[in-house]
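The values are calculated or read from the model by the stated rules, or taken from the named source; none is laboratory data. Just so you know, these numbers come straight off a predicted model, no measurement behind them. Here the Cβ is made from the backbone with ideal geometry for all residues, glycine too, and neighbour counts use every protein chain on show. Accessible surface is based on the protein model in full, side chains and every heavy atom, while ligands, DNA and RNA are left aside. Shrake-Rupley method; radii C 1.70, N 1.55, O 1.52, S 1.80 Å.
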Amino acid sequence: MAADLTGTYLTLDDGRPAVRFSRTYDHPVDRVWRFATDPDELARWFPARAAFDLRPGGTVTFRGDPNMPESTGRVIAVDPPRHLSFSWGDDELHFDLEELTGGRTLFSLTDVLAAPDTAARNGAGWEVCLAALDAAARGERLQGPHAGPTADWKALYAAYIDAGVPSGAPVPGLD
């Protein structure tokens, strides 16, 4: 059975490669903003524990990712509760939130990639992370993104490659 991929590989207007994911949550925009910015909420789905100084130029501290040492990034732009973009390693992450009718929110995550060959790897990783966010939004708990290169991740990675998404970057824990 083929994996159900939710990410889209694209080239941004400025020529940079990216993968983008969108989810609709049955929560108001302020609640989804907390999923995306509160360290305790992020710990339920994001690959590293992240703490933000939520202002342009502010520091983002990342720790607890088994595949990366503790590091820092920089807040590029913030417009609570609609937009947050920040650097993470060599990538940029953009969280965009749109309030929908009925107290629902459209959440989009765009990973602006440092190199196209990271698209399949990162796409599969975000699938795992966003499944954990989906569960958190439903009030459930999953094992989360720190499960390592599980069979589900491998199937998603293979599906991205089969879909023609650029690949070839090293995979932490496998290479």
Sorted by chain and then number, the residues having a modelled amide H within less than 5 Å of the amide H of Asp65, at least 5 places away or on another chain, are Arg49
Check: C-alpha center region 34-68 vs C-alpha center region 75-98, spacing in Å is 11
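Can you give me the % of accessible surface on region 14-106 that is carbon or sulfur? Probe 1.4 Å, all protein chains present, nothing else counted.
46
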Per its Cα gyration tensor (rounded if a/c is under 1.5, else prolate when a/b beats b/c, else oblate), region 14-75 is best filed as rounded
Phi-derived 3J(HN,Hα) across region 74-85 with the Karplus relation (6.51, -1.76, 1.60, θ = phi - 60°), rounded Hz, x for Gly and Pro, is 10, 6, 8, 8, 8, 9, x, x, 10, 8, 9, 10
Among trypsin sites (Lys or Arg not before Pro) in region 61-90, those in a DSSP loop whose Cβ has at most 14 other Cβ atoms within 10 Å are Arg82
Under the helix-only model (-39500 (n - 2.57) for each DSSP H run of 4 or more, divided by the residues of the chain), the mean residue ellipticity at 222 nm, to 500 deg cm²/dmol, is -7500 deg cm²/dmol
Going residue by residue through region 101-110, the Karplus relation 6.51 cos²θ - 1.76 cosθ + 1.60 with θ = phi - 60° gives ³J(HN,Hα) values, rounded to whole Hz and with x marking Gly or Pro, of 5, x, x, 9, 9, 8, 10, 10, 10, 10
For the chain, the per residue accessible area (1.4 Å probe, Å²) is 49
Note on the chain: helices (DSSP H) long enough, at least 15 Å by alpha carbon along their axis, and hydrophobic enough, mean Kyte-Doolittle at least -0.5, are 119-137, 151-162
